[in-house]
Amino acid sequence: MTRQPFILRNPSALVVLALLAAFTLAVTLMSAAYGSGVIPTSTVKVLGKTLCLALAALAMDLVWGYLGILSLGQMAFFALGGYMIGQWLMYARTEAIVAASLSGNPIPPTAQELREAVANQIFGVVGSADLPLVWSFAHSLTAQLVLVVVVPGLLALVFGWLAFRSRVNGVYLSILTQAMTLALALWLFQNDSGFRGNNGLSGLQNIPGLDGVGQARLSIWFLWASAAALALFYVLAAWVVGGKFGSVIRAIRDDETRVRFLGYPVEGFKLAVFTLAAMITAIAGALYYPQAGIINPAELMPIASIYLAVWVAIGGRGRLYGVMIGAIVVSLLSSWFTGGRAPSIHLPGYTVNWVDWWQVALGLCFVLVTLFAPKGIAGIFDRLAGILPPRRHGRDLGPDQGALQEQEAKA
Amino acid sequence: MTCRLIALLLSLFLVLPAAANPALEAVIADHLDQIERPSRRTVEPLVAQIAATGPEGLGLLSAWAGRALGVTETGRLVIVAGDGATDAVTGQAVRGADPKMLRPNAGVRGVIESALVAGEVSSPDRARRAAALASIARDGTPEHLAALRAAAPDPDPALAARRARIEKLLAIRFDADPAARVAAIQDMAGDVGLDFRAALNPLLATRRVASTEEPQGANIAGELRVGSADFPREAAVALLTAQGLIQPRLTAADQRNALAAHIVDGRVGGVSAAELSDPQARDRAYEALEGAGTVPPAATEAETEAALADIRFFDIFAEPEAAVTDAARAAQRGAEWRLVAMKGIDLGLDALSLASIYFLAAIGLAITFGVMRVINMAHGEFIMMGAYTGYVAQTVIADRTLSLVAALPLAFAVTFAAGVVLYRLVIRHLAHRPLETLLATFGVSIALQQLAKNIFGTQARPLTAPAWLEGAITLNDVVSISTIRVAIFGLALLFLGLFLIIMKRTRLGLEVRAVTQNPGMAASMGINPDRIAMLTFGLGSGIAGIAGVAIGLFAQVTSELGQQYIVQSFMTVVVGGVGNIWGTLAGAGLIGVLSKVIESFNPSNTLAAQTFMILFIVIFIQFRPRGIIPQRGRAAEA
Amino acid sequence: MNRTISAAAVLAISTGLAGIAWAQEGEPIKIGVLHSLSGTMAISETTLKDTVLMMVERQNAKGGLLGRPLEAVVVDPASDWPLFAEKARELLTVSEVDVIFGAWTSVSRKSVLPVLEELNGLMFYPVQYEGEESSKNVIYTGAAPNQQAIPAVDYMMEELGVEKWALLGTDYVYPRTTNNILDAYLKDKGVAVADIFVNYTPFGHSDWSKIVADVVALGADGKKVGVVSTINGDANVGFYKELAAAGVSAEDIPVIAFSVGEEELSGLDTTNLVGHLAAWNYFQSADTPENAAFIEEWHKFIGDDKRVTNDPMEATMIGFSAWVAAVEKAGTTDVDPVLDAIVGVEVPNLTGGTATVLPNHHLTKPVLIGEIRADGQFDIVSQTEPVPGDAWTDYLPESAVLDADWPGKQCGMFNTQTTSCVQVQSNY
């Protein structure tokens, strides 16, 4: 069989790339730094951050939509990426400040003194003065950039290896990933772990060496970077799930045991996708937090990862563009509704204030989507494209469900 | 103005009969300012002065301590009781006075009570005698010892025993005769009471001295060997430096400051200032300065060595009597093991209590997860609903016992209904899709949580235990546990029993077990799996509601109450093994014991304990993925 | 004042549709309110939002400011720290407010700081905090450690005779830094290392049995034990319940809290807590005519006689008055002239004294110690003269040499040893 070119097999990729390019261009032309200024800098930052969240959702889709693992700890990787880049941002910025201040002394500082002064600046706020071991590479941008993918990748690798090896799956695995992110969050909350506890890393929007650039331009640069990363990883993800590899992981999702009996190293496949997704998520995080300005352990509490799952589910898992739409739409809507800007609904005797009721609406909406539209927003596109679930004509559902026929299962 | 004048006249009028106790009058006049703004540090002589003026003085003191003393605009002290007021000096009723009430702080009140207490030990009123003893136990003085010894024996046996104990404790601390002190210590040896240890420990307090020879006339606890585990070399050097026996070593900061002070034309000690970012260049420059004599030479390693070889280190007791310290040490050693054992028991009780709370929170989850393989993320919110039901019951029914009695079944009913509704509307439609059930119930969870916030607000709501559940069950000063926790333990046991009876002895239990093992086969035998699932789900939710009332009684009732327990509940179920109540019990026990043991290793950081506990569970599941008690048979494969 | 109109105004403002015509002429002066109206901090911060709205209403009733009406712009950062930075940027660049009243937690302040300093905004921060900071663009109207923690510990030491200390806190930056300062201070006062017990618990902690037992066991040395609590929010409920259950009375082991006020006590049955202490710069029970008027105005504004007032509300009120005075003095709402004018401004507080804005952007505040009463209010047992707030504590060696002087030295982190400015921007 001759293989079709990649683009023909994934027509959606072209559409997504084109839309992304058009969006980026439009925002640039309306920004304060490079265009008319219709879109204020704060909104540019929100849009840039949303693209990063879409990238995280993309990775989540690889794990959940294609591999069938509902990871409730995906945001741990996201935040870890942020922490890794944040270390350099904080260290380098502080070093510049400290060097400038110490240069006024009659005697130039030794390297040791400089390091101590930096540590005192960073950790003075949380009542410590030594640079913890985990900050050993913080002075080097290259090292921290490498760590952005290595640390979450390693964590995913070790965790995944342990979990997949002992055949933990289904809800057990979900709970386990949730426990992982909770443990990590609690660990980061401690001051002793060396990441400034609840204060987290802050002032990340000031990029060292780019003091003269200004936030208006920086925010546009980050928007470009986020859009580029999203485009790149969209293509990568489409390529991964499109080929033979993609068929195997989807088969694992549908029936792991059968794939194993067919001789595939199931654990290896799972591990590869899980680690890849963790790395992509970490890159998204590394782009997100310099735009947000602050990262603290609350960002990786289990609830954050569950929200990621919510976006993916509403967008429609198993469709790469669907989850991106889900992440973008739901996160923007959320911030609009909780921002106190949505008009209240005046009912007789009661005023529905969206700040109070948005969560309720979101929760119910989510139940409804799970019940009635398991394919989410992407389901609409599927229907338009005429992709429908295969007709099974009443055959049984597979070994797990015993003799249950399709009709019975639906009843 | 006229008002002032009248007041002045009145006060003049009142001054005359005040001569009834001229001494008190004089003391008050001299110290009115201090009476209005007393301080614990300085009030003692004043209290003694007032007490010495006779019964009026004592009356004034007790009113002062009881916050019933006020000062009028004219500077008269009046004792306020109910609506009436009497002059503190003359005892005459004062009408229409609007005194400014004095609010002595707790420290001052303690001093006053301590002064009054000697007379109260033999008061005919039992409550006052007990209060007096409590006050002495808190803040004893040598005078109290004398007063206790002089007082007639207490008719009440409990108080008499208490008094004997306090007398002994005071004797250990204050008796002039060392033999009597030793006797008192030996008498109480082996006791683990906090008060006894509090009396012994100050006797055994030591201070560390460095000296070339053995200090004369001091009660030496022991000589220290430099380099041993409890006295490392650094500690010895620090002690020597602190006592001025050796010069401190040169710190980097001192070196820098010395160099900076001697920069001449951009050079110091022959080294250019610009080069001084290199530590070795700094050393060179400093040595050059030392050579030139501009800076004092820093202490060298050799000098430190010599000092350490020369000087001996001793721990010296603050208590001069060797016989007393020996007896105290012996008594302390005797109680050591008992104390460790008691602490272990106390830790065990805490762990048991935590385990029972986790068990109670997780049991409902275990039922639903075990029977239907469904993770109910809204389980935590059912716990919260139960707690709020308790709160609402308490606002409606004032009597706390009655409201609790009403709240328990009410909470069960409310959450049972909520569970059934959730099952009918959501979970039933997602059969065999456990991950989607998890997400859908999560949606319900966030909606319920926000709903609770909208209804009850984000502030914690009070849910208070009835009086008979307040307080603690105390074995001794070390081993004690609050009554409410014991009650929760009992509740957990009750539900364990109830669950076992339902499962093993009733038709419903039989059907539930059948559906758990093989739904298809059960359905063929005429069991309606849907109905059974609905009932089990309701039952599990109902128990969550009762757990909510229990948790609310000892913790805070907020909309986030459930969230705090949900992850732990999952862990409990997963660690224990699904589908088996004994597994849940084992899981809760393991997590409870483990949290407390880790917590006791590092008491200053509770967060670390939680982190390591979760980490342990994550690793544990890797090695026993099916939990402590894994399910066997066909159901295990599903 | 017409109640219905003002209620409608508040409603419109809080939904972001501010656009009410006042009697005054001219472009309205915009005031940003950056307090969480949802999420975990909502309960504390919503009250402060209402306080600012009340002050705005009062000022407009007086005829506005510089002949222009005031208009509040309320946003909701939803207890989400990155959102504080985002909303602050929005307030300063989109809504173009002249001043912001906002933030509660330290981390939210640290999140907003870089934005304020970048865009040269002005924010009034109304909560007691850990110090070690002085930004050009922030006026700290809450207590610095020397205005709350240190006097409270002095009180425990002098008046209650406490010799052994348990510093219990929730694990975040305010308790951490405060406990560090207290640790250094106590050692300075001759307290041995072994006599200081420190414990940190997570937010919302509920299992207190072990910790309370640990605290009780401290008494084994025969020294009087005192607890300094920086436990935050809800966790206090469980802590005090356990304390009461263990039979620990205020006479045996007094507890002084820095984060427990009238608002927190309303979630508790206080009968068992009578005699435990709290240290603030204001209590609702303060017996002054100003306070009585303030409470009455608050009850009228909020329409509920049961609502309590608390220390951060007083701090907000003082901040607002100081800003109004500074704007009148400067004749403009531009940030730099206002900042120059505000130092030295003296406004009345609610406890019978005045608050002066210091060159380090802190205030002078009296320190009050209150004993908890059975009705959830406090008996004020000690009140000091106003204490000047110290941005950099004297008890940590690195901070002792630092000083902040904005109008004089244009520096918030001035090293008095080397007489040089360490840095103009703040640490965040």
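The values are calculated or read from the model by the stated rules, or taken from the named source; none is laboratory data. A quick note: this is a predicted structure, and the numbers were derived from the prediction, not measured. Positions of Cβ are backbone-derived with ideal geometry, glycine not excepted, and every protein chain shown enters the neighbour counts.
Out of the residues in segment A:313-322 that are part of a helix (DSSP H, G or I) and buried (at least 24 other Cβ atoms within 10 Å of the Cβ), state the one that is nearest to the other protein chains (Cβ to nearest Cβ).
A:A313
Scan segment B:308-359 residue by residue and report those that are under 30 Å from B:A487 (Cα atoms), more than 12 Å from chain C (Cβ to nearest Cβ) and charged (D, E, K, R).
B:R338
Give the residue, chosen from A:T281, A:T370, that is within 9 Å of another protein chain (Cβ to nearest Cβ), part of a helix (DSSP H, G or I), hydroxyl-bearing (S, T, Y) and within 22 Å of the chain's Cα centre (by Cα).
The match here is A:T370.
Here is a check on your reading of the model: is A:A298 within 14 Å of another protein chain (Cβ to nearest Cβ), hydrophobic (A, V, I, L, M, F, W, C) and closer than 14 Å to A:L51 by Cβ?
no
Which residues, taken from segment A:182-200, are part of a loop (DSSP other than H, G, I, E, B) and within 11 Å of chain C (Cβ to nearest Cβ)?
A:Q190, A:R196, A:G200
What number of residues within segment B:560-575 are touching a Leu at 6+ places or on another chain (Cβ under 7 Å) and small (G, A, S)?
Of the residues in that region, 1 qualify.
If the requirement is being closer than 30 Å to B:T241 by Cα and either crowded, with 17+ Cβ neighbours inside 10 Å or more than 14 Å from every other protein chain (Cβ to nearest Cβ) (or both), which of these qualifies: B:A210, B:A146?
Exactly one residue qualifies, and that residue is B:A210.
Quick one: how many residues across segment C:246-285 are more than 13 Å from chain B (Cβ to nearest Cβ), of a type outside the set (F, W, Y) and farther than 26 Å from C:A217 by Cβ?
2
Considering every residue within segment B:571-582, establish whether at least one is under 30 Å from C:V193 (Cα atoms), at pLDDT 80 or above and of a type in the set (S, T, N, Q).
no
Taking the condition of being at the interface with chain B (Cβ under 10 Å from one of its Cβ atoms), of a type in the set (F, W, Y) and over 17 Å from A:P297 (Cα atoms), how many residues in segment C:171-213 meet it?
Adding up the residues that qualify gives 2.
Regarding segment B:245-254, can at least one residue be identified that is in a strand (DSSP E or B) and in contact (Cβ under 8 Å) with a residue 60 or more places away in the chain?
No, there is no match, as no residue in segment B:245-254 is in a strand (DSSP E or B) and in contact (Cβ under 8 Å) with a residue 60 or more places away in the chain.
Identify all residues within segment B:266-282 that are part of a strand (DSSP E or B) and either charged (D, E, K, R) or touching a residue at least 60 places away in the same chain (Cβ under 8 Å) (or both); write none if there are none.
B:R267
Can you tell me how many residues within segment B:301-321 are aliphatic (A, V, I, L, M) and within 36 Å of the chain's Cα centre (by Cα)?
Total satisfying the criteria: 2.
Does B:L539 meet the test of being out of contact with any Lys or Arg (no Cβ under 9 Å at 6 or more places or on another chain) and more than 21 Å from B:G509 (Cβ to Cβ)?
Against the criterion (out of contact with any Lys or Arg (no Cβ under 9 Å at 6 or more places or on another chain) and more than 21 Å from B:G509 (Cβ to Cβ)), B:L539 does not qualify.
So that you can scan it fast, the table gives a plain yes or no per residue for (1) hydroxyl-bearing (S, T, Y); (2) within 14 Å of another protein chain (Cβ to nearest Cβ); (3) assigned to a helix (DSSP H, G or I):
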| residue | (1), (2), (3) |
| --- | --- |
| A:L29 | no, no, yes |
| A:S36 | yes, no, no |
| A:S42 | yes, yes, yes |
| A:K45 | no, yes, yes |
| A:G48 | no, yes, yes |
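Quick check on my filter: what residues within segment A:346-366 are touching a Gly at 6+ places or on another chain (Cβ under 8 Å), buried (at least 20 other Cβ atoms within 10 Å of the Cβ) and closer than 22 Å to B:L422 by Cβ?
Listed by number, the residues that qualify are A:L362, A:G363, A:F366.
Of C:V94, C:V107, C:V73, which residue is within 13 Å of chain A (Cβ to nearest Cβ) and touching a Lys or Arg at 6+ places or on another chain (Cβ under 6 Å)?
Checking each option against the conditions leaves just C:V73.
Please report, ordered by residue number, the strands (runs of 3 or more DSSP E) entirely within segment C:159-244 with at least 2 residues that are of a type in the set (S, T, N, Q).
In segment C:159-244, the matching strands (runs of 3 or more DSSP E) lie at C:196-201, C:225-230.
Does B:G96 meet the test of being more than 26 Å from C:E159 (Cα to Cα), outside any helix (DSSP H, G or I) and of a type in the set (G, A, S)?
Yes.
Might you let me know whether segment B:523-546 holds any residue that is within 14 Å of chain C (Cβ to nearest Cβ) and buried (at least 24 other Cβ atoms within 10 Å of the Cβ)?
Checked segment B:523-546: no residue is within 14 Å of chain C (Cβ to nearest Cβ) and buried (at least 24 other Cβ atoms within 10 Å of the Cβ).
Residues that are under 17 Å from the mean Cα position of the chain (by Cα), of a type outside the set (G, A, S) and either more than 14 Å from chain C (Cβ to nearest Cβ) or surrounded by fewer than 24 Cβ atoms within 10 Å (Cβ to Cβ) (or both): does segment A:170-177 have at least one?
Yes, some residue in segment A:170-177 is under 17 Å from the mean Cα position of the chain (by Cα), of a type outside the set (G, A, S) and either more than 14 Å from chain C (Cβ to nearest Cβ) or surrounded by fewer than 24 Cβ atoms within 10 Å (Cβ to Cβ) (or both).
Conditions: (1) within 11 Å of chain B (Cβ to nearest Cβ); (2) under 30 Å from C:G32 (Cβ atoms). A:V310 meets all but one. Number of the miss?
Failed condition: (2).
Part of a helix (DSSP H, G or I), closer than 20 Å to A:P290 by Cα, within 14 Å of another protein chain (Cβ to nearest Cβ) and touching a helix residue (DSSP H, G or I) at 6+ places or on another chain (Cβ under 9 Å), is that true of A:G65?
no
Across segment B:416-441, what is the number of residues that are facing chain A (nearest Cβ under 7 Å), within 17 Å of B:G540 (Cβ to Cβ) and surrounded by fewer than 17 Cβ atoms within 10 Å (Cβ to Cβ)?
So the count comes out to 0.
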